[in-house]
Structure formats: C-alpha cells, structure tokens
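K.L.:
Mind having a look at this structure? Questions to follow.
The values are calculated or read from the model by the stated rules, or taken from the named source; none is laboratory data. Values in this document were obtained by computation on a predicted structure and should not be read as measured data. Heads up, the Cβs are rebuilt from the backbone with ideal geometry, glycines too, and the neighbour counts pull from every protein chain shown.
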C-alpha cells in the first residue's frame, strides 16, 4: 500500500511537471508572428498539453548569438533567415536537427525529398516558409503612370516621394544592381567584385537623401499608411496583410523580388531542447505549413503543402496567386545567395554603416 501511494504520488508529480512544461519561440512579430501562433503554436499547445510563449525580435539571429555566447539561453526555438542559420550553425551556436526524423508527406514521401530545394541546406535548420523582399507603393500617390520595375523605385524624378529601405546591406545592394541594369542571374557575380559593390553603393547614392530607414518588418506598411513614404521595400506578407486585411491602397511590385527562406533553429543550450525538436517536426509537417498560408502570403517550404493552400482567413481571397512562387510573380526574381551573405555579411554591413554615416 505504501509503495502504491509513493508511486501514485510520483506519477502525479510527474504529470504536473509535464503539464507545466513551457516552450519559448522567438520570431519576427506582426502578421507573420500571428500566422505562426495560429497555425503552429495553438494546435501544438493543445495537442501536447504545454504552454507555448512567443517573443518578438527585429532579427532573431542577433539575440540568439548573444544568448548562446553569454551562456544564458532563454529561447527554445528561433525563426531566422537562411544566411543567419548557416552562419550560426558554422559557428557552433545551434543544435543539429535530425532531418530524417521529420514527418513524411501524406503520400509517404520522405521529408528530405518533400521540402523544396534549399529548405534543408543547413543541418541545424528546417525551413517553414518562402518569402520575398519586394517593394510596394501607395496607389493614391501616383495619379498617372505607376511604378512597375525596380528601376522605377530608384527614379525619384519620375516617381517623386520618400523611399523606405531596410537599414542594412542585404537586399539593398542586390536591388540597387538590378535597378542599374544587372540581370538577376548575374547579380551575385557582380556583387562579388569590389567594382560591383561600388556600383551598388553608387546607385544607392542616387536616392540616399530621399530614404527613410526601417528595421522591423511592421514598419514599412506603417510608413506607407502614415504617408511618410511613397514607396518602400518590405516583406511581401506584411504588405499583403495591410492591403487585404486592413484595406490599405498598397500595391506590390514583384519585379526584382528577392526570395528567401525563414527557418526554425534550436539555440545551443536551449532549456527545452527535446520539446523544441518536437515543435519543429510538428510545425513543419504538410498540413501545418499549408495552414499558415491562411494567415499570410508566404509560400510553404514543402511541395506537398502547395495543393492544400486555399483561401485566406477572409474566406474569399485565393492565396496561390499571392505567393512569391506564383508563376506570374517570378519573371525577374532573384533567389538570395545564402552562401554569399554567410561569407560576406560582416564586411558588407561595415561598409554599409560607413556609407550611411558619410555625408
């Protein structure tokens, strides 16, 4: 009887501890964060009987690096860009994720064959979305001809008004070169030379005095809504949500879009490593990735999720044409070269900051 009582007490204590388990996910906030809460966090919490906390950062790769190096990790899962995932993995700051343990597609196709090319390129990361840096404009600011090309974004004479740009080298240098006539397929070859870097900065010089700099993904649609800029670079999903959910008069220009992945990683020393691995496997299965597309116009990173993408949460907007990967949006698309940025980000960000500080 005594042994039974002790065992029962131990089991109750274990169950209580398990039910109190918490997972902390760091992401980018805004409409993107909402899409992850709805598609991943809520159903995972309900199924596993755990609490999932979401915290926001302008760029989760930065605090993750600081946490691990300080030996004070408070986050279990982080959503980061591909170049950051590769760099942090190479620096030994992330846990290795067993890709073979990820769930297969509904038809049995192994996960490693079902994810789109590049989605599992790092042993420390699993992609969940394909997204793009695009530019968008306020349709009420242009009564006649509207901007349609990347060159138009840099033409402040033909299309007057302030421009919004993310405060950093990445994407700005590529867009500057495309605006200057470099074909998308040749951008990284040109940018891999000092002359190409100078050419990109020279093109940025042409609009430098008209730029309003942004750092968080929620800022570009707000800059447009407040009339602070006539057009701005932005993450495509943020503009979609502002236009469709909030009825803002914003139009995306897909010419020169820069496509990229966001991926889940587990920081080295995460407090709940095993639960973090469960969460990533759950969140990146076929159905969950398709579910996220109900909330934001980012493409699922699995091939099998595509046919399951349907309507937006409004019940009437077809999401397929809104994706960066839609055929009509791919005419002059550039895929981010993660290897280039993993190798050159420190040097180019220093050059960018020096350029920004110069008169």
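A quick yes/no check of all residues on (1) loosely packed, with under 14 Cβ neighbours inside 10 Å; (2) free of Cβ contacts under 8 Å to residues at least 60 places away in the same chain; (3) in contact with a helix residue (DSSP H, G or I) (Cβ under 9 Å, 6 or more places away or on another chain):
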residue	(1), (2), (3)
125	no, no, yes
128	no, no, yes
131	no, no, yes
143	yes, yes, no
151	no, yes, yes
154	no, yes, yes
166	no, no, yes
201	no, no, yes
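K.L.:
Condition test on residue 196, is it assigned to a helix (DSSP H, G or I) and surrounded by fewer than 21 Cβ atoms within 10 Å (Cβ to Cβ)?
P.N.:
yes
K.L.:
Hey, residue 209 hits all of (1) more than 20 Å from residue 43 (Cα to Cα); (2) assigned to a helix (DSSP H, G or I); (3) modelled with pLDDT under 95 but one; which does it fall short on?
P.N.:
(3)
K.L.:
When only residues in the range 76-85 that are touching a helix residue (DSSP H, G or I) at 6+ places or on another chain (Cβ under 7 Å) and within 15 Å of residue 338 (Cα to Cα) count, which is surrounded by the most Cβ atoms within 10 Å (Cβ to Cβ)?
P.N.:
Checking each candidate, the answer is 80.
K.L.:
From the list 177, 88, 93, pick out the single residue that is more than 30 Å from residue 274 (Cα to Cα), modelled with pLDDT of 95 or more and touching a helix residue (DSSP H, G or I) at 6+ places or on another chain (Cβ under 7 Å).
P.N.:
177
K.L.:
With 261, 240 as the choices, which residue is assigned to a strand (DSSP E or B) and touching a helix residue (DSSP H, G or I) at 6+ places or on another chain (Cβ under 8 Å)?
P.N.:
261
K.L.:
Another one. Report whether or not residue 121 is modelled with pLDDT of 95 or more, under 20 Å from residue 277 (Cα atoms) and part of a loop (DSSP other than H, G, I, E, B). Spell out the reasoning first.
P.N.:
Values: modelled with pLDDT of 95 or more: no; under 20 Å from residue 277 (Cα atoms): yes; part of a loop (DSSP other than H, G, I, E, B): yes.
No.
K.L.:
Which of (1) assigned by TED's automatic domain parsing to the domain that holds residue 342; (2) in contact with a strand residue (DSSP E or B) (Cβ under 7 Å, 6 or more places away or on another chain); (3) on the phi < 0 side of the Ramachandran plot is the odd one out, the single condition residue 171 does not satisfy?
P.N.:
Unmet condition: (3).
K.L.:
Yes or no: residue 45 at pLDDT 95 or above, touching a strand residue (DSSP E or B) at 6+ places or on another chain (Cβ under 8 Å), in a helix (DSSP H, G or I) and crowded, with 17+ Cβ neighbours inside 10 Å? I'd like the intermediate steps shown before the answer.
P.N.:
Numbers: at pLDDT 95 or above: yes; touching a strand residue (DSSP E or B) at 6+ places or on another chain (Cβ under 8 Å): yes; in a helix (DSSP H, G or I): yes; crowded, with 17+ Cβ neighbours inside 10 Å: yes.
The answer is yes for residue 45.
K.L.:
Given the conditions (1) assigned to a loop (DSSP other than H, G, I, E, B); (2) touching a strand residue (DSSP E or B) at 6+ places or on another chain (Cβ under 8 Å), and given that residue 160 satisfies all but one, which numbered condition is not satisfied?
P.N.:
Result: residue 160 fails condition (2) only.
K.L.:
Oh, and also: Report the residue count in the range 163-193 for those that are in a helix (DSSP H, G or I) and within 19 Å of residue 231 (Cα to Cα). Spell out how you get there, then give the answer.
P.N.:
Residues of the range 163-193 in a helix (DSSP H, G or I): 172-179, 184-191.
From what is left, the residues that are within 19 Å of residue 231 (Cα to Cα) are 172-179.
Within the range 163-193, residues that are in a helix (DSSP H, G or I) and within 19 Å of residue 231 (Cα to Cα) number 8.
K.L.:
Can you name every residue in the range 22-36 that is more than 15 Å from the chain's Cα centre (by Cα) and surrounded by fewer than 19 Cβ atoms within 10 Å (Cβ to Cβ)?
P.N.:
22
K.L.:
Scan (1) within 18 Å of residue 292 (Cβ to Cβ); (2) in contact with a strand residue (DSSP E or B) (Cβ under 8 Å, 6 or more places away or on another chain) for the single condition residue 94 breaks and write down its number.
P.N.:
Unmet condition: (1).
K.L.:
Let me ask something else about it. Please determine, by comparing only the residues of the range 60-75 that are free of Cβ contacts under 8 Å to residues at least 40 places away in the same chain and either out of contact with any helix residue (DSSP H, G or I) (no Cβ under 7 Å at 6 or more places or on another chain) or not assigned by TED's automatic domain parsing to the domain that holds residue 281 (or both), which one is surrounded by the most Cβ atoms within 10 Å (Cβ to Cβ).
P.N.:
60
K.L.:
Which residues, counting only those in the range 308-320, are modelled with pLDDT of 90 or more and assigned to a helix (DSSP H, G or I)?
P.N.:
Selection gives 308 alone.
K.L.:
Which ones in the range 249-258 are farther than 26 Å from residue 82 by Cβ and either free of Cβ contacts under 8 Å to residues at least 40 places away in the same chain or not in a loop (DSSP other than H, G, I, E, B) (or both)?
P.N.:
250, 251
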